[in-house]
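Peer 1: Before I ask anything, let me first share the structure, which is written out below as structure tokens.
The values are calculated or read from the model by the stated rules, or taken from the named source; none is laboratory data. Bear in mind the structure is a predicted one, so any value in this text is a computation, not a measurement. Don't worry about glycine lacking a Cβ; one is built from the backbone with ideal geometry, like all the others, and counts go over all protein chains shown. Heavy atoms of the whole protein, side chains included, go into the accessibility calculation; ligands, DNA and RNA do not. Shrake-Rupley method; radii C 1.70, N 1.55, O 1.52, S 1.80 Å.
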There are 2 protein chains.
Amino acid sequence: MIETPYLLFLGDAPDALAAKVAQGVRDWRPEYALGQLRLPGCKADMRLPDMDLDAGLRAGARTLVIGVANRGGVISPAWKQVLLDALEKGYDLASGLHNLLRDDADLKAAADKAGRKLHDVRIPSVRYPIANGEKRRGKRCLAVGTDCSVGKMYTALAMEAVMRARGTRASFRATGQTGILITGEGVPLDAVVADFMAGAVEWLTPDNDPDHWDLIEGQGSLFHVSFSGVTMALIHGGQPDALILCHEPTRSHMRGLPGYALPSLEVLRDTALALARVANPDCRVVGVSVNTSNLDDAAAEACLRDIETRLGLPAVDPFRYGAERLVDALEAV
Amino acid sequence: MIETPYLLFLGDAPDALAAKVAQGVRDWRPEYALGQLRLPGCKADMRLPDMDLDAGLRAGARTLVIGVANRGGVISPAWKQVLLDALEKGYDLASGLHNLLRDDADLKAAADKAGRKLHDVRIPSVRYPIANGEKRRGKRCLAVGTDCSVGKMYTALAMEAVMRARGTRASFRATGQTGILITGEGVPLDAVVADFMAGAVEWLTPDNDPDHWDLIEGQGSLFHVSFSGVTMALIHGGQPDALILCHEPTRSHMRGLPGYALPSLEVLRDTALALARVANPDCRVVGVSVNTSNLDDAAAEACLRDIETRLGLPAVDPFRYGAERLVDALEAV
């Protein structure tokens with residue numbers, strides 16, 4: 001668990017896209033995002049107060065989050081001194097970079113000396129159990145996609161925000177590095193050893209009050225041959241009461257797999273639901289989240305209308321039109 | 001890759017069942033099983049020549065395989081001196097025990113000094129790639145089960161034996177520790193990190209000649225919530241041309257999961273085939289392997305007849321009646 005609130009380190013981000021993690025924190029956990037620390041040449045701006053390390057500490061920040069991805073996932077020399085200073089001044093560091101903080105001898109030594117923590121969120125920090133399949137109290141919703149990277153994380157976060165605004169008890173449960181950095185906790189599921197994947201999901205979504213919803217971040221797709229095993233573990237470990245189907249309607253083939261066509265939403269619905277009912281016979285598909293970012297307004301509306309007619313389920317783009325109707329459908333379960 | 005042939009270490013096995021690994025080597029790779037080394041009190045007997053370490057070396061053994069499971073997977077003091085002597089005399093060691101050889105400081109030091117290898121087959125020794133889903137040459141058969149531990153490994157090994165006897169080119173591809181110790185190579189799939197599971201299966205079953213069959217050892221079950229992700233990765237990474245359904249007809253619930261009923265063979269067939277066709281549209285279900293060990297002759301025959309009628313597929317117990325009809329069905333693909 002990463003200590004909050006955060007000072008967001010944007011480094012020398014070449015553009016806004018490189019600061020995707022920082023943007024996620026600002027959008028979904030604004031209460032954690034006290035300020036931004038930018039180096040000369042930084043082209044990203046989260047419209048947060050610019051702070052140096054001392055100002056961040058005075059504002060109450062506990063962790064400096066590396067909110068930027070850089071080429072090759074390397075910790076660049078331009079960053080190194082800031083990170084060392086941060087440790088010395090009393091910050092923990094958190095990173096989702098491919099190269100681990102703990103593998104940098106200088107950072108490791110500085111953290112040990114200062115008694116601070118290095119959070120490499122790509123690496124599991126817990127010994128997860130083997131899944132036992134026992135029915136847990138509370139309710140769970142899982143986003144499943146026709147493909148990878150179709151908006152599953154965004155959908156779950158947007159639904160959580162609507163539910164919290166309505167006073168419904170809901171927790172986004174992160175299963176990937178960006179989600180973990182945003183919320184400060186979660187399971188880096190793609191880095192968990194095979195035998196423990198479903199158990200890690202059970203651990204992440206434990207017994208809860210009957211009116212509480214876990215909104216589990218989906219990963220991969222049952223139809224993506226590289227990562228379908230991870231999706232399967234989410235479906236069985238998560239024992240969801242509700243599934244949201246996620247889709248990107250303009251994609252011509254599965255991400256990274258030329259020659260593999262996307263399944264229809266109907267095939268996704270029937271396949272995922274049948275498998276989910278192994279772990280939770282009461283599971284239902286409640287709605288469709290469509291990423292229409294590549295469509296103009298008219299095309300987006302036509303696409304959503306078509307899906308709604310075909311599947312008889314609310315179909316919305318939560319980014320474009322809000323997640324309210326997905327939450328309505330969920331609360332009707 | 002473990003160097004062959006083997007001297008099989010049975011230690012102080014309390015009964016024959018504890019020596020399951022040694023029995024597997026003797027049954028399926030008799031050419032690797034030069035002899036057995038038993039300690040005082042050993043109650044297992046593979047009916048192989050008893051050899052001490054020196055006799056094993058003279059016979060040509062390269063690796064001492066720990067062919068016995070013991071309580072807790074620990075390396076007992078009674079074994080330790082034999083293992084140290086073996087390293088010094090020039091054997092490699094291979095083990096599937098839960099406690100790793102490499103974590104025993106004495107064994108590690110002895111192996112380093114003698115320049116010998118410690119094979120802990122529970123741990124991957126390869127950096128597997130992420131699966132790319134590209135079509136590979138050659139043919140592949142995968143055993144999928146209604147549950148865990150229903151005879152998937154046995155089925156694949158029995159089919160391989162029949163195919164080799166007929167002169168058909170076939171390779172059993174081990175995905176678990178017992179299979180790896182038997183054949184000297186494979187992927188310990190349940191210990192692979194999630195993102196690389198399907199890639200490990202692709203790596204295990206590479207391009208091959210058009211008339212060659214890989215017989216891939218199945219793991220888990222799509223319907224076993226603890227391990228279904230591993231099964232999913234086998235189905236997509238293995239891109240099988242043929243599936244064999246495996247079943248144990250007397251089991252009252254999924255192994256280790258009270259309250260979870262087994263799926264019918266029809267449901268397994270339809271679920272597994274639809275998912276397999278994502279990676280290989282030409283995949284077919286060719287036969288059913290039934291573990292009838294808990295049925296008497298009349299009940300076993302009735303059970304097989306019933307399944308054959310219901311599914312319209314050859315249904316056999318390869319242990320009881322041989323795997324010939326499964327191989328006939330495979331060769332007809």
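Peer 1: For A:Val68, what accessible area in Å² do you get when you roll a 1.4 Å probe over the heavy atoms of the protein chains, rounding to the nearest 10?
Peer 2: Answer for A:Val68: close to 10 Å² accessible.
Peer 1: When each copy gets a label point 7 Å from Cα toward the beta-carbon at B:Glu266, what are the spacings between them in nm, shortest first?
Peer 2: From this label point to the equivalent ones elsewhere in the assembly: 2.2 nm.
Peer 1: Ordering B:Ser76, B:Ser252, B:Ser221, B:Ser264 from largest to smallest accessible area (1.4 angstrom probe), what's the sequence? Mind dumping the intermediate values first?
Peer 2: Working: B:Ser76 25, B:Ser252 100, B:Ser221 0, B:Ser264 50 Å².
The ranking, largest first, comes out as B:Ser252, B:Ser264, B:Ser76, B:Ser221.
Peer 1: Assign unit charges at the C-beta atoms only (+1 for Lys and Arg, -1 for Asp and Glu), then state the dipole size of chain A relative to its Cα centre in Debye, rounded to the nearest 20. Kindly include the intermediate steps, with their values, before the conclusion.
Peer 2: Numbers: 37 positive and 43 negative charges, 64 e Å.
Roughly 300 debye, rounded to the nearest 20.
Peer 1: Same structure again: Report, as an integer, the average count of C-beta atoms from other chains found within 10 Å of each Cβ along B:184-194.
Peer 2: Mean shielding count: 4.
Peer 1: If ligands, DNA and RNA are left out, what is the accessible area of A:Leu64 with a 1.4 Å probe, given in Å² to the nearest 10?
Peer 2: That residue has around 0 Å² of solvent-accessible surface.
Peer 1: Just name one of B:Gly35, A:Ala191, A:Pro249: the one whose Cα is farthest towards the positive end of the charge dipole of the protein assembly as shown (beta-carbon charges, Lys/Arg +1, Asp/Glu -1).
Peer 2: Towards the positive end, the residue furthest out is B:Gly35.
Peer 1: From Cα pairs below 8 angstrom and at least 6 apart in sequence, can you work out the relative contact order of chain A, rounded to a whole percent? Present the calculation step by step, with values, prior to reporting the outcome.
Peer 2: Details: 696 pairs, mean separation 50.5, N = 333.
Averaging sequence separation for qualifying contacts and normalising by length gives 15 percent for chain A.
Peer 1: While we're on this one: On a 1.4 Å probe surface of the protein chains, which of A:Lys80, B:Lys108, B:Lys117 comes out largest in accessible area, and what is the full order?
Peer 2: Numbers: A:Lys80 45, B:Lys108 85, B:Lys117 115 Å².
Result of the area sort, largest leading: B:Lys117, B:Lys108, A:Lys80.
Peer 1: Quote the charge dipole size of the protein assembly as shown about the Cα centre in Debye, to the nearest 20; the model charges only the Cβ of Lys and Arg (+1) and of Asp and Glu (-1). Please report the intermediate quantities before stating the final value.
Peer 2: Numbers: 74 positive and 86 negative charges, 95 e Å.
Its charge dipole is roughly 460 debye.
Peer 1: A further question on this structure: Using modelled backbone amide H atoms (1.01 Å from N, in-plane), which distant-in-sequence or interchain residues come within less than 5 Å of B:Arg173's amide H?
Peer 2: B:Leu215, B:Ile216, B:Glu217
Peer 1: Let me ask another. Karplus couplings for region A:320-331 from phi (6.51 cos²θ - 1.76 cosθ + 1.60, θ = phi - 60°), rounded to Hz, Gly and Pro as x?
Peer 2: 7, 10, x, 9, 4, 5, 5, 5, 3, 5, 5, 5
Peer 1: Which lysines have a Cα lying under 16 Å from the Cα of A:Lys89, excluding residues fewer than 8 positions away in the same chain?
Peer 2: A:Lys80, A:Lys108, A:Lys113, A:Lys117
Peer 1: Region A:45-109 to region A:288-323: how many Å between their Cα centroids?
Peer 2: Cα centroid to Cα centroid, the span is 39 Å.
Peer 1: While we're on this one: For the protein assembly as shown, with the dipole built from +1 on Lys and Arg beta-carbon atoms and -1 on Asp and Glu ones, taken about the Cα centre, which of A:Ser95, A:Leu234, A:Leu181 lies farthest toward the positive end?
Peer 2: Checked the options; the winner is A:Ser95.
Peer 1: Name the most mobile residue of A:Pro249, A:Pro129, A:Pro210, meaning the one with the largest mean-square fluctuation, in a Gaussian network model of chain A with Cα contacts below 10 Å.
Peer 2: Result: A:Pro210 has the largest fluctuation of those listed.
Peer 1: Give, rounded to the nearest 20 debye, the magnitude of the charge dipole that region A:84-221 has about its Cα centre when Lys and Arg contribute +1 at Cβ and Asp and Glu contribute -1 at Cβ. Could the numbers behind the result be given before it?
Peer 2: Details: 18 positive and 20 negative charges, 88 e Å.
Rounded to the nearest 20 debye, it is 420 debye.
Peer 1: Using modelled amide H (1.01 Å from N, peptide plane; none on Pro or chain starts), what sits under 5 Å from the amide H of B:Asp50, excluding residues fewer than 5 places away?
Peer 2: Under 5 Å from the amide H of B:Asp50: B:Gln36.
Peer 1: Within chain A, what whole-number % of the accessible surface is contributed by carbon and sulfur, with the 1.4 Å probe and all protein chains included in the calculation? List each step's numbers first, then the result.
Peer 2: Details: 6810 of 13480 Å².
The computed percentage sits at 51.
Peer 1: Would you rank B:His98, B:His119 by solvent-accessible area, highest first, keeping every protein chain in place and using a 1.4 Å probe? Walk me through the numbers on the way to the answer.
Peer 2: Details: B:His98 120, B:His119 30 Å².
Per-residue accessible area, sorted high to low, gives B:His98, B:His119.
Peer 1: May I ask for the accessible area buried between chains A and B, both sides summed, probe 1.4 Å, to the nearest 100 Å²? Please list the in-between numbers first.
Peer 2: On the way: alone 14720 and 14690 Å², together 26930 Å².
Separately minus together, A and B give about 2500 Å² buried.
Peer 1: Additional query: Please list, in chain and number order, the residues 5+ apart from B:Cys148 or on another chain whose amide H is under 5 Å from its amide H, with Hs placed from the backbone.
Peer 2: For B:Cys148, whose amide H was placed from the backbone, the distant partners under 5 Å are B:Arg255.
Peer 1: Mean separation of Cα pairs under 8 Å and 6+ residues apart, divided by the residue count of region A:88-141: what relative contact order is that in percent?
Peer 2: Values: 41 pairs, mean separation 20.6, N = 54.
RCO, region A:88-141: 38 percent.
Peer 1: Let me know the shape class of chain B, please: from the alpha-carbon gyration tensor, a ≥ b ≥ c as square roots of the eigenvalues, rounded when a/c is under 1.5, otherwise prolate if a/b is greater than b/c, or oblate. Display every interim value, and only then the final one.
Peer 2: Details: a/c = 1.84, a/b = 1.56, b/c = 1.18.
Prolate.
Peer 1: Got the B:Arg136 label distances to the other copies yet, label 7 Å along Cα→Cβ, in nm, shortest first?
Peer 2: For B:Arg136, the other copies' label points sit at 3.5 nm, shortest first.
Peer 1: Can you tell me the relative contact order of region A:1-128? Whole percent, Cα pairs under 8 Å, sequence separation 6 or more. Walk me through the numbers on the way to the answer.
Peer 2: Details: 235 pairs, mean separation 31.6, N = 128.
With pairs under 8 Å counted, the relative contact order is 25 percent.
Peer 1: How far apart are the B:Gln81 label points across copies, placing each 7 Å from Cα toward Cβ, in nm, shortest first?
Peer 2: Result, one decimal in nm: 6.4.
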